[in-house]
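S.K.: Have a look at this one.
Nothing in this text is a laboratory measurement; each read-out follows from the coordinates by a stated rule. For clarity, every value in this text was computed on a predicted model and none was experimentally measured. In this analysis, Cβ positions are derived from the backbone assuming ideal geometry, glycine residues included, and neighbour counts consider all displayed protein chains.
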Amino acid sequence: MNRIATPLLSLAVGLALAACGSARKEISKTSIATAQAGDLTVEILGDSALEVGLNPVYLKVTDASGATVGDATVTFMPMMSMAAMSHGAPVIAPPALDGGLHRCDVVFQMAGSWSAKVGVSRPAAAPVEASFPDLPVAETGRARSFTSGMSKYVFSMNFEVPPKVGLNPVVVTLHETQDMGMTFTPVEDATFVLDPQMPSMGHGSPGSVDPTPISLGRYRGQLSFSMPGAWETTVTVNRSGFPAPVSVVIQTTF
């Protein structure tokens, strides 16, 4: 009996641990705002509150019964209005359905109150739109805008995990606009040089790996920090057609 019971007990424990492990891997989403689009409900969610820099944005569309709508095509258009001027933000790609949520990645280039429109189209139904008048975006200092030649650019540098001593994986984004920020084109041919410095100590940190292209205006590299504290990373940005390389500074404290 013991020889049979022991393997069964081990199997039960293993299944329980596996189930716990699966639960631990699930990342809870933060509800940011909800609005109506005709007879549908649209909810905006994130991994956390919206921040300056690269953000995953999830759109949940449900019908009057609360059931998830799986046959919808969804668009997401963020907008910032300042006095007589308005501009959008780079949306990396159209929202794609994944596990019942439509995900897209958005680069918010400044803090403040943004608005957004979410369009929903379904087969054999008229398109509807949900309006979100107030989406707060917190400052992080992870994004910068600059002008080179006739174009304006939105740059961001984003940590894949919280920064620490050693090499830190980062994703850099670069998008170009020629219509005052209403539409954005991903820049695929830029080069970047990372130079982290700690002004309070008068030294830098060797070993950073300059970002190289991934896709859709995203580049992956590694940023080296030799000690905790306040760092200033100068990122030199260049591409064919720039009159001269452009330097942007991103501050990081940990």
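S.K.: Report Rg (one decimal) and Dmax (nearest whole number) for the chain, counting Cα atoms only, units Å.
M.R.: Over the chain's Cα set, Rg and Dmax evaluate to 22.2, 81 Å.
S.K.: Please tell me the relative contact order of the chain in percent, rounded to the nearest whole number, where contacts are Cα pairs under 8 Å and at least six residues apart. Write down the numbers at each step before the final one.
M.R.: Values: 592 pairs, mean separation 35.6, N = 254.
Relative contact order comes out at 14 percent.
S.K.: Follow-up question, since we're still on this one. 222 nm [θ] for the chain, helices only, -39500 (n - 2.57) per DSSP H run of 4+, per residue, to 500?
M.R.: Numbers: 1 runs with 24 residues, N = 254.
The helix contribution divided over the chain gives -3500 deg cm²/dmol.
S.K.: Where does the charge balance sit around PHE159 when Lys and Arg score +1, Asp and Glu -1, over other residues with C-beta under 12 Å from its C-beta? Let's see the in-between values first.
M.R.: On the way: positive: ARG142, LYS164, ARG220; negative: GLU51, GLU160.
So the environment of PHE159 carries a net charge of +1.
S.K.: Give, in nm to one decimal, the length gained when the segment between VAL193 and SER48 is fully stretched (0.36 nm per residue of separation minus the Cα-Cα distance).
M.R.: Between VAL193 and SER48, full extension yields an extra 49.3 nm.
S.K.: Same structure again: P(r) for segment 80-173, please, calculated from all Cα pair distances in 5 Å bins and given in %.
M.R.: 3, 9, 15, 20, 19, 15, 10, 6, 3, 1, 0, 0
S.K.: For a protection proxy built on the mean count of beta-carbon atoms within 10 angstrom, sort 195-207, 170-182 highest first, please.
M.R.: Working: 195-207: 13.8, 170-182: 19.2.
Highest to lowest by the protection proxy: 170-182, 195-207.
S.K.: Expected output is a single nm value to one decimal: the length gained when fully extending between SER145 and ASN238, i.e. 0.36 nm times separation in residues minus the C-alpha distance. What is it? Please report the intermediate quantities before stating the final value.
M.R.: Details: separation 93, 0.36 × 93 = 33.48 nm, distance 1.42 nm.
Here the segment from SER145 to ASN238 would lengthen by 32.1 nm.
S.K.: Here's another thing I want to ask about it. Stokes-Einstein at 20 °C, 1.002 mPa s, Kirkwood radius from Cα pairs: D for segment 143-253 in µm² s⁻¹? Don't skip to the end; give the middle numbers.
M.R.: Details: Rh = 14.4 Å.
For the chosen part, D equals 149 µm²/s.
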